[in-house]
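*Asks:* This structure is in structure tokens; I'll ask about it shortly.
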Amino acid sequence: MTLVDLVVLAVVALAAWRGWRRGGTSLVLSVAGAVVGIVLGAAVAGWWDPSSRGWLIAAIVVGGLVGIGLGRKLADALATRGGGRVARPVLVDRAVGVVAHGGLALVVCVLIGAAAVAFGPAWLGRAAEDSGVLTTAQDHLPTVSQVTGSVPGLDRVAAVGR
């Protein structure tokens, strides 16, 4: 167990605790809205002007932000009681919150570790590569080619970074 492993596990544990306290409906609906918005934005950009990268990036950002907003509004509407008060999360929502917040934190840690390997100082890249938690998580996450092959139009989004 390395220091990076301890930091990653602490971050995931704190995120899971936050998910327990807040519930997971808002996060799940926000992420789902963002994904739908990004896919729709990429589709609209491809329909409007297939050769423009600038238009593609703008459509993705706007679609993702609108999707996040709509997902949050839906979650807020589902969480309010008759008097306008926000209901406390029930056990199922708390469990979803633990998984969603903890999982998202782990994915973000893997992305930060990958960025440290690719762009960071050598000592930080080696520390990320030596982390058992990060490498195990990375081995179980889908690759970019697996994801882009499953979602129509996402290949154009992934090509922007190349």
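We did not get these values from a lab; they are worked out from the coordinates using the rules stated. No experiment lies behind these values; they were computed from the predicted model shown. Virtual Cβ from ideal backbone geometry, glycine too; neighbours counted across all protein chains shown.
*Asks:* Order of 36-43, 134-141 by packing, highest average Cβ count within 10 Å first?
*Replies:* Top to bottom by mean Cβ count within 10 Å: 36-43, 134-141.
*Asks:* Mind putting a number on the dipole of segment 25-88 about its Cα centre? Charges go on the C-beta only, +1 for Lys and Arg and -1 for Asp and Glu, and I need it in Debye to the nearest 20.
*Replies:* Dipole size: approximately 380 debye.
*Asks:* Kindly put Leu111, Leu104 in sequence by how many other C-beta atoms sit within 10 Å of each C-beta, fewest to most.
*Replies:* Sorted ascending by nearby Cβ count, the order is Leu111, Leu104.
*Asks:* Can you give the calculated 222 nm mean residue ellipticity of the chain, where each DSSP H run of n ≥ 4 adds -39,500 (n - 2.57) and the sum is split over every residue, rounded to the nearest 500 deg cm²/dmol?
*Replies:* Rounded to the nearest 500, the figure is -27000 deg cm²/dmol.
*Asks:* Take each complete run of DSSP H in the chain, measure how far its Cα atoms stretch along the helix's own axis, and keep only those covering 30 Å or more with mean Kyte-Doolittle hydropathy at least 1.0; list them.
*Replies:* Helices meeting the criterion: 25-48, 53-79, 91-119.
*Asks:* Choose one answer from Pro89, Pro50, Pro142: the residue with the largest mean-square fluctuation in a GNM of the chain with alpha-carbon springs under 10 Å.
*Replies:* Largest GNM mean-square fluctuation: Pro142.
*Asks:* Hey, if you put +1 on the Cβ of every Lys and Arg and -1 on every Asp and Glu Cβ in segment 25-88, which of Val28, Val39, Ala79 ends up farthest toward the positive end of that dipole?
*Replies:* Ala79
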